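Asks: Dumping the structure here so I can ask a few things about it.
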Ligand SMILES: [Zn+2]
């Protein structure tokens, strides 16, 4: 099972390279820099650190104890299914779930607190999807992976599903000017999902689909005009710091005011200052 990462990791990295190249060649929004605002927060905090710890929490401290208590996986309810059928089953059912949960997050003022971080980027690209509050990931990935384990799916289904999630997630957020025509009724992509991140009132309650666009068309939430959004992100000020983004879900924080504190400001500017210092060092050496 562990050997599967020999395949999934290169596929994931190759997908990143392909998406970034397509973003450079066919940009949806022209002039978006590769290292856009919030790039390092998304890569280091959300993609690497948060994902690492949440994976341990979700699998080892939630799903495994449930299974040890109820022994559901030993019933092997779907173990005999072909692997492709297992992957397809979880892909469609979870995608249906995520459509409705995502829609609920936009309509409930409490759940919105767990989702606004995801919408806070003012520049949307392949990495933007990674910015999701840990509580949102905890809920969604537990609901996603618990049935895979508990129904006794082949262990290989977990990394395959995780790879599909990652690649498709990067694709729908990517800054690529995709024109998929009739396919956009079925397969979701940047054409509709870039609009979902727009700071335009008319789309605040639209385009909730993740992988399959059919849910939006079926349930009346599709929004696909011929034009492109003028602005992205939230209609209000939102912190840029990872920890403040998390704390903001509990209590609204004024980042600007906090920056008046010398110690906080030192921490806040540590990475950019370090990078500036390194650049200067490279130049002078
Ligand atoms: Zn959303």
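Asks: Can you give the relative contact order of the chain as a percent, counting alpha carbon pairs under 8 Å and 6+ residues apart?
Replies: Details: 320 pairs, mean separation 63.7, N = 285.
Here the relative contact order equals 22 percent.
Asks: In whole Å, what is the distance between the alpha-carbon centres of region 49-78 and region 113-149?
Replies: Between the Cα centre of region 49-78 and that of region 113-149, the gap is 19 Å.
Asks: Using packing as a proxy for protection, rank 62-70, 118-126 so that the peptide with the highest average count of other Cβ atoms within 10 Å comes first. Each step should come with its number before you reach the end.
Replies: On the way: 62-70: 13.1, 118-126: 22.2.
Those peptides, ordered most packed to least, come out 118-126, 62-70.
Asks: Restricting to DSSP H runs of at least four residues, report the calculated mean residue ellipticity at 222 nm for the chain, -39500 (n - 2.57) per run over all residues, nearest 500 deg cm²/dmol. Let's see the in-between values first.
Replies: Numbers: 13 runs with 147 residues, N = 285.
The helix contribution divided over the chain gives -15500 deg cm²/dmol.
Asks: What ranking do 231-243, 270-282, 87-99 get when scored by the average of other Cβ atoms within 10 Å per residue, highest first?
Replies: Details: 231-243: 15.0, 270-282: 10.2, 87-99: 17.4.
Output ranking for 231-243, 270-282, 87-99: 87-99, 231-243, 270-282.
Asks: Using the per-residue mean of other Cβ atoms lying within 10 Å as a proxy for protection, in what order, highest first, do the peptides 43-53, 4-14 fall?
Replies: Numbers: 43-53: 15.2, 4-14: 12.1.
Taking the mean over residues of other Cβ atoms within 10 Å, the ranking is 43-53, 4-14.
Asks: Using a basic spin-label model with each label point 7 Å from the Cα along Cα→Cβ, how many nm lie between residue 84 and residue 29?
Replies: 3.9
Asks: While we're on this one: Can you give the angle from 0 to 90° between the axis of helix 270-284 and the longest principal axis of the chain, with both taken from C-alpha atoms, to the nearest 10?
Replies: In the chain, helix 270-284 runs at an angle near 70 degrees to the longest axis.
Asks: Another question about this same structure. Eigenvalues of the Cα gyration tensor times 5, then square-rooted: what semi-axes does that give for the chain, in whole angstrom, largest first?
Replies: Details: eigenvalues 201, 118, 85 Å².
After diagonalising the Cα gyration tensor, the semi-axes are 32, 24, 21 Å.
Asks: Now for a different question. How far is helix 5-25 tilted, in degrees, relative to the longest principal axis of the Cα atoms in the chain, given as a value from 0 to 90 rounded to the nearest 10?
Replies: Approximately 50 degrees, to the nearest 10.
Asks: Hey, what angle do you get for helix 157-173 against the long axis of the chain, alpha-carbon based, 0 to 90 degrees rounded to 10?
Replies: Tilt of helix 157-173: around 40 degrees.
Bear in mind that the values in this text are calculations on the coordinates, not laboratory data. All values derive from a computational prediction rather than experimental measurement. Methodologically, a virtual Cβ is constructed for each residue, glycine included, from the backbone with ideal geometry; neighbour enumeration extends over all protein chains shown.
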